[in-house]
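Read through the structure below, which is laid out as C-alpha cells, and then see the notes.
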Amino acid sequence: MGTQGEPLVERVGRVLRESGVGESERLMVGFSGGRDSVALVDLLRLAGWKRLVLCHLDHGLREASGAEAERVREWAKQWGVECRVERADLGRGNSGPGGGMERAGREARYGFFSRVSRELGVARLFLGHHANDQVETFLFRLMRGAGLAGLGGMREVFWREVEGLEVWRPLLGVWRWEIDRWLEARGLEYVEDPSNRDSRFVRNRIRHGLLPAMEEAMGRPVMEGLWRTAELLRAEGEWLGEVERAGAGGDGESLRVSALREGSVAWRRRTVWRWLRAQGVRGVGFEEVERVLGLVEREAPAKVNLPGGRYARRRAGVIFLERGVI
C-alpha cells in the first residue's frame with residue numbers, strides 16, 4: 001500500500017515517475033467532482049503534472065447534475081487546466097439502478113473517455129479509485145465466483161484494448177480516510193453524490209451493510225486484511241501469467257486437444273481463458289471456459305456457443321474459433 005508514512009504527493013509522484021510518465025505529458029482525468037477525483041487532481045498538480053484534461057460525463061440521472069457539470073468547468077478554470085464535459089441521459093430506457101444501470105454508466109463513461117482520447121491524441125486516463133474501492137471490488141467478485149485474475153481486483157495500470165486507453169489508478173494504495181484528511185487539510189471542496197448511499201446499488205450494500213457486518217462478526221477491522229488478500233492474488237496471478245507454458249497453443253489461433261489433456265484442471269482453465277481473451281472474445285467467464293473445455297473430452301467433432309456470435313469448434317485434434325452466419 002505504498003511506502004509506510006510516505007506523504008501522498010510523494011507517493012503519487014513516485015508511481016508516475018517510476019513508470020516513466022514525464023511531467024510535460026498531457027493526461028486525462030476522469031473527474032466527477034467527488035472527493036476522490038478532486039484529491040487526485042490536486043495531488044497530480046502538486047506532484048508536478050499540470051497539463052491535465054478534466055473529463056466529466058453528466059449521466060443525466062439527477063436534477064443537480066447539470067449544475068455539477070458547470071461546477072467542473074469552474075474548477076478547470078480555477079486550476080488552469082482543460083476540461084471536456086458531455087451529457088449521456090442514461091435515465092432513458094433504463095428500469096432503475098442496480099447492475100444494469102451501473103454497467104450502462106460504466107460503458108458510457110469509457111465510451112466518452114475514448115472519444116476524448118482520440119480527439120486529443122492522449123491515451124493515458126487517470127481515475128481516483130482507492131483502497132476502499134479495491135476491497136469492495138474484491139468482495140463483489142468473490143461473491144460472483146471469480147477466479148484468480150478477478151479476485152486480484154483492479155490493477156494500478158492496465159490497457160483497455162477496445163477503447164484504446166491506458167488506465168491509471170495511482171490512489172489504489174490510499175485509504176478513503178487518508179483522502180478525507182488530505183481534503184480537509186487543503187480546504188478543498190467537493191460534490192457529495194447522494195447515490196453513494198442508495199441501497200439499490202450493490203456496491204453501496206457492500207460498503208454500508210456487508211463490510212460493517214463482517215467487522216462485527218470478526219470483532220476487529222477487516223479492510224486491510226481483505227486489501228492484502230486482493231494484492232497477493234493479483235501479484236500471484238501476474239506471476240503465473242509470466243511462467244505459464246503455451247504448450248497447448250494458447251497464444252496462437254488454435255488449441256491442441258492432446259496438450260490440454262496433459263495439463264492440470266487449473267492450467268487448462270487458465271490456458272483457455274487466456275486464449276479466448278487473446279482471440280477477442282469479450283465477457284469471458286467460468287461458463288465460457290468450461291464450455292470450451294467440454295470439447296476436450298468429446299471424441300466426435302463438436303462446437304459450443306460463445307459471446308458475440310462466436311463458436312468454439314473441435315476438429316482433427318484442435319479447437320479453433322469461427323463466427324456464426326448472420
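The values are calculated or read from the model by the stated rules, or taken from the named source; none is laboratory data. Note that the structure is predicted; figures quoted are calculated from it, not measured. Counting neighbours? That spans all protein chains shown, and the Cβs are built from the backbone with ideal geometry, glycine included. Protein only, heavy atoms only, side chains kept; ligands, DNA and RNA dropped before computing areas. Shrake-Rupley method; radii C 1.70, N 1.55, O 1.52, S 1.80 Å.
Suppose we keep only residues that are open to solvent by 20 Å² or more (accessible area, probe 1.4 Å) and of a type in the set (A, V, I, L, M) within the range 279-301. Which one would you say is nearest to VAL265 (Cα to Cα)?
Among residues in the range 279-301 that are open to solvent by 20 Å² or more (accessible area, probe 1.4 Å) and of a type in the set (A, V, I, L, M), the one nearest to VAL265 (Cα to Cα) is LEU293.
More than 23 Å from ASP42 (Cα to Cα) and either open to solvent by 20 Å² or more (accessible area, probe 1.4 Å) or modelled with pLDDT of 95 or more (or both): which single residue out of GLY128, GLY98, GLY93 fits that description? Full working, then the answer.
Details: GLY128 fails: more than 23 Å from ASP42 (Cα to Cα); GLY98 fails: either open to solvent by 20 Å² or more (accessible area, probe 1.4 Å) or modelled with pLDDT of 95 or more (or both).
Only one candidate passes the filter, namely GLY93.
Inside the range 261-326, counting only strands (runs of 3 or more DSSP E) that do not spill past its ends, which hold 1 or more residues that are aromatic (Phe, Trp, Tyr)? Give the derivation first.
Working: elements: 302-306, 310-315, 318-323.
Correct list: 310-315, 318-323.
Six or more apart or on different chains, Cβ atoms under 7 Å: show the pairs whose first residue is in the range 21-43 and under 17 Å from GLY187 (Cβ atoms) and open to solvent by 10 Å² or more (accessible area, probe 1.4 Å) and whose second is of a type in the set (Asp, Glu) and assigned to a helix (DSSP H, G or I).
Correct list of pairs: ARG35/ASP180.
Any idea how many residues of the range 135-182 are open to solvent by 60 Å² or more (accessible area, probe 1.4 Å) and acidic (Asp, Glu)?
Going through the range 135-182 one residue at a time, the tally reaches 2.
Somewhere in the range 146-167, is a residue closer than 13 Å to ASN132 by Cβ, free of Cβ contacts under 8 Å to residues at least 40 places away in the same chain and part of a loop (DSSP other than H, G, I, E, B)?
Scanning the range 146-167, I find at least one residue that is closer than 13 Å to ASN132 by Cβ, free of Cβ contacts under 8 Å to residues at least 40 places away in the same chain and part of a loop (DSSP other than H, G, I, E, B), so the answer is yes.
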